[in-house]
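The values are calculated or read from the model by the stated rules, or taken from the named source; none is laboratory data. All figures in this text were calculated on a predicted structure; none of them were measured in a lab. In this analysis, Cβ positions are derived from the backbone assuming ideal geometry, glycine residues included, and neighbour counts consider all displayed protein chains. To get the accessible areas, we keep the full protein, side chains included, count just its heavy atoms, and leave off ligands, DNA and RNA. Shrake-Rupley method; radii C 1.70, N 1.55, O 1.52, S 1.80 Å.
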Amino acid sequence: MSAEFISVSFPNASNDLNPIPDAPVDARYLERYARALDDYGFNYTLIPYSSSSFDPFTIGATVLAHTKNLKIIVALRPNTVYPTVAAKSLATLDQLSGGRVVVHFIAGGSDDEQAREGDFLDKEQRYERQEEYIRILRLAWTSTEPFDFDGKYYQFKQFRSAVRPTNGTIPISVGGSSDAAYRIGGSLGDIFGLWGEPLAETKQQIERIYAEAAKAGRTDRPRIWVTFRPIVAETDELAWEKAHRTLDRLKGNREKGLHRAPPSAPRPANVGSQRLLDIAARGDVHDRALWYPTVTATNASGATTALVGSPRTIADSILDYIDLGADLISIRGYDNFNDAVDYGRYILPLVREGIREREEVKKQAAA
């Protein structure tokens, strides 16, 4: 049993509680944030992407330059970079960092968002294109001879890359909750990313991913990545008070138009957000401490489910998911820098201690 932790890197101090519209890069903030993640024992940081955001390759290179152990997960939409170019860019970063690069694919959950950068394929076509893209990356990283590709979305002849990943390949992450996402991620992904759902629903999704991997003839399985937005305080009582203050701020910022989902936004088109909203309609709290009002307050715009409680409560909740099969845990808060420091100080050590205790019990049982 093992687990690694993921955060998200931000280029400036803007956050969900105190949004700064169109804030520029703050190089000192980004450096400080990246070093804090490295120092407090995070294993990965996601470099996010949207049509209006900063270039993830450049932000990722900056993070790598200021850290020693932290790996970056570059979010990539296939419509934005031709796959042969992306293969070389990712491998270049990987060489410069000594093998600290992962790529996370975003097929695109919103037609409107995709259209902003000239992508007018429907959802099924976007997943078909993503499948071709992944196959091309793997060929580019492993083929020693020039190769042709004649797909539905990409065609080229005699491509060869002299830029090889440090360890022979770069891990590929896929996320989503649709049938197409399960199929592509289960058959081709090294990692499959899920948003924080209750344990029962998460177990069902993991089983579906594993079934798709087996159907594809794989003898291995994708690692499971689950994302939460913990709200932590010294005690459970104080954490719930903090959670309600956080919720009020989220609602207020959305009403002011300071959130990416305006008050008039329709129900999201992507399956993952729809699932979160459906679960939220069943109740506010699930399992130990999984809290859903943050989902409805933000119209399920991305990973929005909170874990609320003391460090012990949140650590135990995370361990429940690790027991279920998740071994990549993404935790990021609403006050990005300060929350990351709190997680590193108080939550990561408790989870790692819980894993060691479980391993010791297994050893004793096997003796």
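If you split all Cα-Cα distances of segment 44-86 into 10 Å bins from zero, what percentages do you get per bin, shortest first?
28, 52, 19, 0
Does segment 29-160 come out rounded, prolate or oblate, given a ≥ b ≥ c as the square roots of the eigenvalues of its C-alpha gyration tensor, rounded meaning a/c under 1.5 and, failing that, prolate meaning a/b above b/c?
The shape class here is oblate.
Using Cα centres only, tell me the gap between segment 212-250 and segment 86-155 in whole Å.
So the separation of the two Cα centres works out to 27 Å.
Running a GNM on the chain with Cα contacts under 10 Å, which residue among L121, L194, L70 ends up with the highest mean-square fluctuation?
Of the options given, L121 has the highest mean-square fluctuation.
Provide the packing ranking of 231-238, 355-362, 56-63, i.e. peptides ordered by the mean count of other C-beta atoms within 10 Å per residue, highest first.
The packing order, highest mean first, is 56-63, 231-238, 355-362.
What are the residues whose amide H is under 5 Å from the amide H of D327, where those residues sit 5 or more places off or on another chain and H is modelled from the backbone?
Sorted by chain and number, the residues that satisfy this are I224.
Please state the shape class of segment 283-367: rounded when a/c is under 1.5, otherwise prolate if a/b exceeds b/c and oblate if not, all from the C-alpha gyration tensor.
prolate
Using alpha carbons only, how many degrees (0 to 90, rounded to 10) separate the axis of helix 348-366 from the longest principal axis of the chain?
Roughly 80 degrees, rounded to the nearest 10.
What number comes out for accessible area per residue over segment 241-328 if the probe is 1.4 Å? Units Å², please.
With the other protein chains kept in place, segment 241-328 gives 42 Å² per residue.
May I ask you to order 264-274, 141-151 by the average number of other C-beta atoms within 10 Å around their residues, highest value first?
264-274, 141-151
Gain in length, K152 to R135, computed as 0.36 nm per residue apart minus the alpha-carbon separation, to one decimal in nm?
Once the chain is fully extended between K152 and R135, it gains 4.8 nm.
For the full complex of protein chains and a 1.4 angstrom probe, list K68, K363 by accessible area with the highest value first.
These residues rank, largest area first, as K68, K363.
Each residue of segment 330-337 in order: what ³J(HN,Hα) in whole Hz does its phi give by Karplus 6.51 cos²θ - 1.76 cosθ + 1.60, θ = phi - 60°, with x for Gly and Pro?
Along segment 330-337, the couplings run 9, 10, 9, x, 9, 10, 3, 5 Hz.
Counting pairs on different chains as well as pairs 8 or more places apart, how many Lys pairs in the chain have Cα atoms under 23 Å apart?
Lysine pair count for the chain: 10.
Taking 0.36 nm per intervening residue step and subtracting the Cα-Cα distance, what contour gain separates R312 from T219 on full extension?
Taking 0.36 nm per residue and subtracting the Cα distance, the gain is 29.9 nm.
Expressed as a whole percentage, what fraction of the accessible surface of the chain belongs to carbon and sulfur atoms when a 1.4 Å probe is rolled over the protein heavy atoms?
Here it works out to 50 percent.
Step through the residues of segment 271-288 one at a time and calculate ³J(HN,Hα) from phi using the Karplus curve (6.51 cos²θ - 1.76 cosθ + 1.60, θ = phi - 60°), rounding each to whole Hz and writing x for Gly and Pro.
For segment 271-288, the Karplus curve yields 5, x, 5, 4, 4, 4, 5, 5, 5, 4, 5, 7, x, 7, 10, 10, 6, 5 Hz.
When a/c reaches 1.5 or more, the comparison of a/b and b/c decides; with that in mind, is the chain rounded, prolate or oblate per its Cα gyration tensor?
rounded
What do you get for the angle between helix 199-215 and the principal long axis of the chain? Use alpha-carbon atoms, 0 to 90 degrees, nearest ten.
20
Pop out the ³J(HN,Hα) list for segment 63-80 in order, Karplus 6.51 cos²θ - 1.76 cosθ + 1.60 with θ = phi - 60°, rounded to Hz; leave Gly and Pro as x.
4, 4, 5, 10, 10, 10, 10, 4, 9, 9, 10, 7, 6, 9, 9, x, 6, 9
What value, in deg cm²/dmol to 500, does the helix sum -39500 (n - 2.57) over DSSP H runs of n ≥ 4 give at 222 nm once divided by the residues of the chain?
Value at 222 nm, helices only, nearest 500: -14000 deg cm²/dmol.
For a quick check of understanding: with a 1.4 angstrom probe and all protein chains in place, what accessible area in square angstrom does I134 have, to the nearest ten?
Surface accessible to solvent at I134 totals approximately 0 Å².
Skipping prolines and chain starts, which residues have an amide H placed within reach, meaning under 5 Å, of the one on F42, given they are 5 or more residues away or on another chain?
Placed amide hydrogens put nothing under 5 Å from F42.
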